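Undergrad: Take a look at this one; I'll ask things after.
Throughout, read-outs are computed from the coordinates displayed, never taken from laboratory work. If you're wondering where the values come from, they're calculated on a predicted model, not measured in any experiment. Counting neighbours? That spans all protein chains shown, and the Cβs are built from the backbone with ideal geometry, glycine included.
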């Protein structure tokens, strides 16, 4: 006895299975690219913070130099899809203590504050 109503069902099931597999592989590639980009950005941010911290010299001029070094390092260190990252000076923050509170370049350069700054974020 033939079952004419079920002919071709394996083909449809296989096609749907292949489509699901294709989507899963694509998602895996996208997620792995996301993790690589995140790691690259973290490395660039760490390099910028180290470059900024190396310029700290307990003066307002040191705060300005630290900001300049951090911005230049961030812009030169990371390119996403061959485009440089826009990194404004306002993203560079300073603190007297590792856990903050962090302040911007203007506040960190104030008299009596610049000589206590030890950390760059």
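Undergrad: Work out, step by step, the length gained on full extension between residue 107 and residue 16: first 0.36 nm times the residue separation, then minus their alpha carbon distance; give nm to one decimal.
TA: 26.7 nm
Undergrad: Now, a different point. Considering every pair of different Cα atoms, what Kirkwood radius, in Å, is found for the chain?
TA: Details: mean 1/r = 0.0562 Å⁻¹.
In the chain this quantity evaluates to 17.8 Å.
Undergrad: On C-alpha positions alone, give me the angle between the axis of helix 60-77 and the longest principal axis of the chain, in degrees, nearest 10.
TA: In the chain, helix 60-77 runs at an angle near 20 degrees to the longest axis.
Undergrad: Here is a further query. Exposure proxy check: 94, 23 ranked by fewest other beta carbons within 10 Å?
TA: By the 10 Å Cβ count, ascending, the order reads 23, 94.
Undergrad: Here's something else I'd like to know. May I ask you to compute the full-extension gain from residue 90 to residue 32, defined as 0.36 nm times their residue separation minus their alpha-carbon distance, rounded to one decimal in nm? Could the numbers behind the result be given before it?
TA: Working: separation 58, 0.36 × 58 = 20.88 nm, distance 3.05 nm.
In short, 17.8 nm is gained.
Undergrad: Grab the Cα-Cα distance for residue 61 and residue 83, subtract it from 0.36 nm times how many residues apart they are, and report the gain in nm with one decimal.
TA: 4.8 nm
Undergrad: Additional query: State the Cα centre-to-centre distance between the range 51-121 and the range 23-45 in whole Å.
TA: 27 Å
Undergrad: Moving to a separate point now. Counting other beta carbons within 10 Å of each residue's own, what order do 30, 46 fall into, fewest first?
TA: In order of increasing Cβ crowding within 10 Å: 30, 46.
Undergrad: Quick one: what do you get for the range 57-97 if you divide its Cα Rg by 2.2 N^0.38 Å?
TA: Output field value: 1.34.
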